[in-house]
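Asker: Have a look at the structure that comes next, please.
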Amino acid sequence: MKPVLGIVLALSILVIPASAQREVTYDVSFPRPEHHEAEISMTVDGTRSGELVEFRMSRTSPGRYALHEFAKNVYSVEAHDGSGAILDIERPNPHQWNVVATGNKVVLRYTLFADRAGGTYSGIDRTHAHLNIPATFMFARQFSDVPIRVSFSLPNESWKVATQLVPTANETVFTAPDLYYFLDSPIEISDHDVRSWNVEMGDRSTTVNLVVHHAESEVEVDTYYDMARKVVDEEVAVFEALPENDYGTYTFLADYLPHVAGDGMEHRNSTYIVSTRPLSTGARRNLGTLAHEYFHQWNVERLRPSDLEPFDFEEANMTGELWFSEGFTSYYTALVMRRTGINSDSEFASSIGGAVNAVVNLPGRKYFSAREMSMQAPFVDAARSVDPTNRDNTFISYYTFGNAIGLGLDLTLRSAFPGTTLDHYMQLLWRKYGETEIPFTSSDLRNALYELVNDRAFADGIFDNYIEGHEAFDYSTLLARAGFHVRQRYDNRPFLGAQLEEEDGGVIVAGPTLETGTLYAAGVGQGDTIVQLNQTLVTDLEQLGALLDDIAPGDTVSITYTQRGDTYTSSVPVAENMTLEVVTFEDAGMELSETQIAFRNEWLRSRVK
Ligand SMILES: [Zn+2]
């Protein structure tokens with residue numbers, strides 16, 4: 001045995017030190033925060049002479065599904081060896097800088113411009129360095145599984161670093177076990193306030209940090225902290241389980257300042273929650289974003305569509321399951337805000353009303369199912385291009401669509417299988433695919449619904465009709481069970497179906513015309529000028545409104561308009577404004593029965609024990 005052991009030891013002495021040397025180190029400084037710049041030096045240690053190192057800026061960011069091309073904000077790139085000698089850089093594509101190592105180290109330096117503190121991008125100014133990792137840091141393909149160390153030189157003594165990166169004894173130095181963890185751990189460096197508390201469920205516990213960069217009094221932060229705790233407890237109660245956070249902590253990185261870009265972006269152990277709304281007037285709306293992003297640590301971060309695992313930092317990420325990951329999360333955002341008692345029944349009604357109206361009324365549903373809408377995320381999820389689209393007619397956000405499906409499914413379950421709710425479905429999915437972190441497929445979601453209710457036809461019907469098909473739930477009947485009334489917002493009003501504006505003494509069509517509207521039927525499109533209505537000259541919006549007061553849906557109307565230089569007249573039937581809203585029976589002046597009260601309480605009461 002001894003000789004064999006001797007060989008193993010000798011081999012390990014040869015192999016382990018060589019691989020252990022591979023490490024990535026970033027040094028970050030902010031010499032010109034007023035000009036939104038950072039100087040970043042990235043050192044890859046442990047190269048072999050002659051080894052190609054492919055440095056890249058990410059094209060994507062976790063939680064966003066379109067391409068963002070972060071390389072556009074990088075310049076003054078130069079490469080050195082360990083002794084400071086310049087190395088050649090080759091550019092094989094817009095995102096990549098290739099360098100051939102001449103020794104055991106390559107240092108790449110660059111300047112980053114960053115002026116959008118939001119969920120996806122970075123923002124540097126005199127108040128903070130808000131650094132979303134893929135928007136800030138290059139990575140090296142050949143060094144994706146090695147440990148990372150990042151250190152900051154701060155321009156302001158009051159600035160502190162908040163992040164889910166792993167802290168060290170030095171307050172400005174952090175580590176990550178590998179690139180994947182690093183890219184998922186955003187950073188906020190500022191003079192911020194922190195509130196921390198412990199959340200427990202079963203034998204698991206997490207320290208939650210609420211980091212708030214703001215310009216108000218600490219009283220506002222304390223009030224917000226109290227509300228945030230309620231939301232967190234209510235969401236833990238939905239799943240009756242707490243996710244296992246890496247390093248035992250979860251961090252909210254909140255920026256509530258006038259110069260930020262409102263957004264919320266989930267990560268495994270942290271989230272950016274960013275808004276221009278100050279806490280003094282916008283706390284409850286800001287809390288809605290907090291609720292949404294915290295729910296994501298179950299739904300999407302761990303209970304994760306298989307198409308998103310691993311997340312691709314080089315191509316757009318597509319999945320058909322965002323109606324579930326984003327839509328159900330949106331449904332639970334409204335539900336949790338109600339269950340905490342922070343929002344009233346009337347506010348809950350108004351928030352679900354928007355989703356019900358969109359799914360029932362927008363023409364998009366006949367073009368794409370909820371699964372197919374999800375697959376368009378790479379085109380709509382903060383994606384930018386300049387050519388017009390027909391999305392107003394063909395698209396419904398998977399947030400909205402999925403929100404309405406969550407509502408419809410929850411109420412259908414409660415009605416058809418008393419005692420069974422969407423919470424039970426989420427708990428079952430959590431046990432099967434979330435706690436175990438086994439990425440799920442579309443058929444896994446379908447089969448889990450079957451498993452929940454033990455009725456194959458029911459599960460197939462839900463998925464075939466509402467998720468992969470083009471039908472909408474019967475919201476009027478379902479919501480009436482809980483004493484919520486679905487009604488038309490306007491009484492017998494005509495529906496033109498476009499945004500109108502006054503311009504050059506006339507009325508122009510400022511946006512796309514909806515297929516369901518009167519203007520579309522008349523052949524009117526975006527950019528056209530409405531000249532006459534029933535032979536009367538149209539001069540401004542107020543006068544047009546008065547003309548419409550005398551027209552009822554179903555009447556025939558003559559519309560004269562100019563389109564691309566030519567004048568046309570069409571006579572068409574007037575469409576009706578079918579906009580729906582959801583109100584409580586009480587607000588509608590309707591009587592609420594004992595059965596409805598019981599149903600509503602069971603649905604909307606707090607689940608915290
Ligand atoms: Zn979301």
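The values are calculated or read from the model by the stated rules, or taken from the named source; none is laboratory data. The structure displayed is predicted, hence computed values, not measured ones. Positions of Cβ are generated from backbone atoms using ideal geometry, with glycine treated the same way; all protein chains shown enter the neighbour counts. Accessible surface is based on the protein model in full, side chains and every heavy atom, while ligands, DNA and RNA are left aside. Shrake-Rupley method; radii C 1.70, N 1.55, O 1.52, S 1.80 Å.
Asker: Round to a whole angstrom and tell me the spacing of the C-alpha centers of the stretch 232-274 and the stretch 325-360.
Answerer: What the calculation gives is 19 Å, centre to centre.
Asker: Report P(r) for the stretch 126-233: all Cα-Cα distances, bin width 5 Å, range 0 to the bin holding the largest distance, values in whole percent.
Answerer: Values per bin, smallest distances first: 2, 10, 18, 19, 18, 15, 11, 5, 2, 0.
Asker: Count the net charge of all other residues whose Cβ sits under 11 Å from the Cβ of Pro243, scoring Lys and Arg as +1 and Asp and Glu as -1.
Answerer: Taking every other residue near Pro243 into account, the sum is -3.
Asker: At Arg229 and Ser158, where each label point lies 7 Å from the Cα along Cα→Cβ, what is the point-to-point distance in nanometres?
Answerer: So the label points at Arg229 and Ser158 sit 2.7 nm apart.
Asker: Let me ask something additional. Could you calculate the contour length gain from Asn534 to Glu51, that is, 0.36 nm times the residue separation minus the distance between their Cα atoms, to one decimal place in nm?
Answerer: 166.2 nm
Asker: While we're looking at this one, here's another question. What residues have an amide H closer than 5 Å to that of Val53, excluding those fewer than 5 places away on the same chain, when H is modeled at 1.01 Å from N in the peptide plane?
Answerer: It is Val99, Val100, Ala101, by chain and number.
Asker: Give me the angle, in degrees from 0 to 90, between the Cα long axis of helix 279-295 and the longest principal axis of the Cα atoms of the chain, rounded to the nearest 10.
Answerer: The helix 279-295 is inclined about 70 degrees to the chain.
Asker: Hey, what's the stretch 500-573 come to in accessible area per residue, 1.4 Å probe, Å²?
Answerer: 52
Asker: Report D for the stretch 68-129 in µm² per second (integer): Stokes-Einstein, Kirkwood Rh on Cα pairs, 4 °C, 1.567 mPa s.
Answerer: The estimated diffusion coefficient comes to 96 µm²/s.
Asker: Placing +1 at every Lys and Arg Cβ and -1 at every Asp and Glu Cβ, with all other atoms neutral, what dipole size does the chain have around its Cα centre, in debye to the nearest 20?
Answerer: Charge dipole, the chain, about its Cα centre: 1340 debye, nearest 20.
Asker: Now, a different point. Could you list, in their original order, any pairs among Lys230/Lys366; Lys72/Lys105; Lys432/Lys609; Lys72/Lys160; Lys160/Lys432 whose Cα atoms are separated by more than 32 Å?
Answerer: Lys230/Lys366; Lys160/Lys432
Asker: Residue separation times 0.36 nm, minus the C-alpha to C-alpha distance between Asn601 and Asn170: what's the value?
Answerer: 150.1 nm
Asker: Please list 176-189, 198-211, 42-55 highest first by mean number of surrounding beta-carbon atoms within 10 Å per residue.
Answerer: 176-189, 42-55, 198-211
Asker: Quick one: 3J(HN,Hα) in Hz for the stretch 143-158, Karplus 6.51/-1.76/1.60 with θ = phi - 60°, rounded, Gly and Pro as x.
Answerer: Karplus values, whole Hz, x for Gly and Pro: 10, 6, 10, 9, x, 10, 10, 10, 10, 10, 9, 9, x, 9, 5, 7.
Asker: If you don't mind, another one. Would you please put 23-35, 258-270 in order of how densely packed they are, using the mean number of other Cβ atoms within 10 angstrom per residue and starting with the highest?
Answerer: 258-270, 23-35
Asker: Roughly how many percent of the accessible protein surface of the chain is carbon and sulfur, given a 1.4 Å probe and a whole-percent answer?
Answerer: 50
Asker: Using only helices, what value at 222 nm comes out for the chain when you add -39,500 (n - 2.57) per DSSP H run of length 4 or more and divide by the total residues, to the nearest 500 deg cm²/dmol?
Answerer: Theoretical 222 nm ellipticity from helices: -9000 deg cm²/dmol.
Asker: Here is a further query. Given that compact globular proteins tend to follow 2.2 N^0.38 Å, what is the ratio of the alpha-carbon Rg of the stretch 20-190 to that value?
Answerer: 0.98
Asker: Pull out a ≥ b ≥ c, the square roots of the eigenvalues of the alpha-carbon gyration tensor of the stretch 104-186, then state rounded if a/c is under 1.5, prolate if not and a/b is larger than b/c, and oblate in the remaining case.
Answerer: Since a/c reaches 1.5 and a/b is larger than b/c, the shape of the stretch 104-186 is classed as prolate.
Asker: Okay, moving on. Per residue, what accessible area does the stretch 193-297 have, given a 1.4 Å probe and all protein chains present, in Å²?
Answerer: About 35 Å² of surface per residue is accessible.
Asker: Residue-wise, which Karplus ³J(HN,Hα) couplings in Hz belong to the stretch 466-473, taking 6.51 cos²θ - 1.76 cosθ + 1.60, θ = phi - 60°, and x for glycine or proline?
Answerer: Here the 3J(HN,Hα) series is 9, 10, 9, x, 10, 8, 10, 4 Hz.
Asker: In Å, the Kirkwood hydrodynamic radius of the stretch 500-573 over pairs of distinct alpha carbons?
Answerer: When all Cα pairs of the stretch 500-573 are included, the Kirkwood radius is 12.2 Å.
Asker: Still on this structure, I have one more. Quick one: order Arg91, Arg141, Arg431 from most to least accessible surface, probe 1.4 Å.
Answerer: The ranking, largest first, comes out as Arg431, Arg91, Arg141.
Asker: Once amide H atoms are placed 1.01 Å from N in the peptide plane, what residues at a sequence separation of 5 or more from Val531, or on another chain, have their amide H within under 5 Å of its amide H?
Answerer: Excluding prolines and chain starts, which carry no amide H, the hits are Thr560, Tyr561, Thr562.
Asker: Same structure again: Probe 1.4 Å, all protein chains in place: accessible area of Val582 in Å², nearest 10?
Answerer: For Val582, the solvent-accessible surface is approximately 10 Å².
Asker: What number comes out for the charge environment of Arg493, summing +1 per Lys or Arg and -1 per Asp or Glu over other residues with Cβ under 10 Å away?
Answerer: Residues near Arg493 contribute -2 overall.
Asker: Can you give the three extents of the C-alpha atoms in the stretch 154-306 along their principal axes, from longest to shortest, in whole Å?
Answerer: Result, largest extent first: 38, 35, 28 Å.
Asker: List every residue whose amide H lies under 5 Å from the amide H of Asp125, counting only residues 5 or more places away in sequence or on a different chain, with H placed 1.01 Å from N in the peptide plane.
Answerer: Amide H to amide H, under 5 Å and 5 or more residues apart or across chains, Asp125 pairs with His130.
Asker: Write down the radius of gyration of the stretch 117-157 and its Dmax, each obtained from C-alpha positions, in Å.
Answerer: 12.6, 36
Asker: While we're on this one: Given all pairs of different Cα atoms, what value in angstroms does the Kirkwood hydrodynamic radius of the stretch 277-317 take?
Answerer: Kirkwood hydrodynamic radius for the stretch 277-317: 12.3 Å.
Asker: Please report Rg (one decimal) and Dmax (integer) in Å for the Cα set of the chain.
Answerer: In order Rg, Dmax, the Cα atoms of the chain give 27.8, 104 Å.
Asker: Taking the Cα centre as origin and putting +1 on Lys and Arg beta-carbons and -1 on Asp and Glu beta-carbons, what dipole magnitude results for the stretch 20-190, to the nearest 20 debye?
Answerer: Magnitude of the dipole: close to 280 debye.
Asker: Using 7 Å Cα-to-Cβ label points, what is the Gln543/Asp312 separation (nm, one decimal)?
Answerer: It works out to 5.5 nm between the two label points.
Asker: Residue-wise, which Karplus ³J(HN,Hα) couplings in Hz belong to the stretch 449-454, taking 6.51 cos²θ - 1.76 cosθ + 1.60, θ = phi - 60°, and x for glycine or proline?
Answerer: With coefficients 6.51, -1.76 and 1.60, one gets 5, 4, 4, 5, 9, 6 Hz.
Asker: At 1.4 Å probe radius, can you tell me the per residue accessible area of the stretch 20-190 in Å²?
Answerer: About 38 Å² of surface per residue is accessible.
Asker: With labels modelled as points extended 7 Å from the Cα through the Cβ direction, what inter-label distance (nm, one decimal) is found for Glu503 paired with Ala588?
Answerer: 4.0
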